[in-house]
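**Student:** Pasting a structure here, questions to come.
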Amino acid sequence: MSYRKVTPVLPPIYGDACSSAWRHGFVMDRVFTSASLRDRYAMGIWMVFIHVLTYRGMNQNKLPGQSDTTPSFRTFLSTVFSYRVRSGMAAWILHRVTGLSLVLYLAIHIMGLRSLGNPLAFEAYITGYRNPLFKFAEVMLLGSVAFHAFNGLRIFAQDMYFRSERQKPLFYAVLALTIIVTIIGGLPIIFPYFITPLLP
Amino acid sequence: MSQHYENEGSAASRSKAFVWLMQRVTGVGLVLFLVLHFWVQHMPTGFLATAGEYSEILKTLSEASPEVVDAIADGKIKEALPGEHVITYSKVLERLRTPLWRIIDILLLLFALLHGMLGLMNVLGDYMKRVRLRKAVVFCCWAVTLFLAGQGIVVIMAVGMK
């Protein structure tokens, strides 16, 4: 008789509160083969549904203390939420988020500049970006670029010159520089829209 | 952990090291290029039109074609606010007529695309285990990169040659 490790049908939704049998799979000495075809299809659909909901990567039968490092979106989320956000983690998340949004903006920007073929289309395109809401977006864009640039330079400098315990003060320096540059560069952008009308 | 060291010295490992180096080179280049780009395109300098200049540009454009008059009436093209500096077609044309500016803009485009797409592939690779899926995504990213690079270079050269 062969012993098989079977993954339970129900997901361990209570995390660590469930028994170790749930997490490591049950050892069963008999495999049911008597379910009808309809029952097996129904079970299959539920299995798919449950596995999509509770996907933890490939390694379902991990041992205690073994970390689940299989790459997946769920692993990413659980990593993000399992850490207390300290400076290194915050730097990593912000670098990634700003980087992705800048790539998206770059593609939109390049496709938008096709309007340079026609002066009328270009002036209309620029007028769209001169909407007051887009002026805030422009300042946020500057902030994203500034953070990504300063943090990238920090990573580069840290690889080259600094010990890893210097990362915290360096990260605070990155934040300070980002805020300073965003304010100095952002003021001329929003001045004619939000500050000049307030002046007597 | 050991699996990270298994491929040491392999073609894949060397290509990753090359990507790492490229991200550093393009990143430092982009800092310089983007400071210039921001100064030219977003700060009140001579590369942008002042409110008065922009009003005259719109007047000239409306005399040339009635479509512009309609666009201004519809609010598709708006006059500049007092003190505002506006990016405008004629100023961009004037700048891009200089070959040096065309070279700078194309280099900026290529650096930004390379840095962005290598970063995007790096991020996407973190969430994909299946090798074939990852290869398909990398292929799509390179296709998009080539398309956007072609699009941008054509626009810059077309404007510059006018």
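Computed from the coordinates by the stated procedures, all read-outs in this text should not be read as laboratory data. The structure displayed is predicted, hence computed values, not measured ones. Don't worry about glycine lacking a Cβ; one is built from the backbone with ideal geometry, like all the others, and counts go over all protein chains shown.
**Student:** Among residues other than B:R95 whose Cβ falls under 14 Å from its Cβ, what is the net charge (Lys/Arg +1, Asp/Glu -1)? If you can, show how the numbers build up before the last one.
**Tutor:** Working: positive: B:K91, B:R97, B:R102, B:K162; negative: B:E94, B:D105.
Net local charge, B:R95 excluded: +2.
**Student:** Follow-up. Suppose the chain between A:I195 and A:R84 were pulled fully straight at 0.36 nm per residue; how much longer would it get relative to their current alpha carbon spacing?
**Tutor:** Additional length available on full extension: 36.0 nm.
**Student:** Continuing with the same structure: What distance in nm separates the simple spin-label points at B:W20 and B:T45, each placed 7 Å from Cα in the Cβ direction?
**Tutor:** 3.6 nm
**Student:** So which DSSP H runs in chain B come out at 27 Å plus along the axis (Cα) with average Kyte-Doolittle of at least 1.6?
**Tutor:** Those that clear 27 Å and a mean of 1.6 are B:131-160.
**Student:** Quick one: in segment A:84-198, what % of C-alpha pairs are over 17 Å apart? Working shown, then result.
**Tutor:** Values: 4216 of 6555 pairs.
The calculated P(r) of segment A:84-198 puts 64 percent of pairs beyond 17 Å.
**Student:** Can you tell me how much longer the chain between B:E63 and B:M161 gets when fully stretched, taken as 0.36 nm per residue apart minus their C-alpha distance, in nm with one decimal? Walk me through the numbers on the way to the answer.
**Tutor:** Working: separation 98, 0.36 × 98 = 35.28 nm, distance 2.45 nm.
Roughly 32.8 nm would be gained on extension.
**Student:** Assign unit charges at the C-beta atoms only (+1 for Lys and Arg, -1 for Asp and Glu), then state the dipole size of segment B:39-88 relative to its Cα centre in Debye, rounded to the nearest 20.
**Tutor:** The calculation lands at about 140 debye.
**Student:** Would you mind getting me the FRET efficiency between B:L110 and A:V52? Use the beta-carbon distance for r and R0 = 35 Å, nearest 0.05.
**Tutor:** E(calc), rounded to 0.05, equals 0.30.
**Student:** Treat each spin label as a single point 7 Å out from the Cα along the C-beta direction, and report the B:S13 to A:I183 distance in nm.
**Tutor:** 4.8 nm
**Student:** Using label points projected 7 Å from each Cα along Cα→Cβ, tell me how many nm separate B:F139 and A:F134, to one decimal.
**Tutor:** My value for the distance between the label points is 3.7 nm.
**Student:** Take every residue in peptide B:113-121, count the Cβ atoms of other chains within 10 Å of its Cβ, and give the average of those counts.
**Tutor:** Per residue, the average neighbour count from other chains is 4.
**Student:** Looking at the square roots a ≥ b ≥ c of the eigenvalues of the Cα gyration tensor of chain B, which shape do they give, rounded for a/c under 1.5, prolate if a/b is larger than b/c, or oblate? Numbers along the way, then the final one.
**Tutor:** Numbers: a/c = 3.04, a/b = 2.52, b/c = 1.21.
Prolate is the answer for chain B, as a/c is 1.5 or above and a/b outweighs b/c.
**Student:** At 222 nm, what helix-only mean residue ellipticity would chain B give, in deg cm²/dmol to the nearest 500, using -39500 (n - 2.57) for each DSSP H run of four or more?
**Tutor:** Dividing the helical sum by the residues of chain B leaves -26000 deg cm²/dmol.
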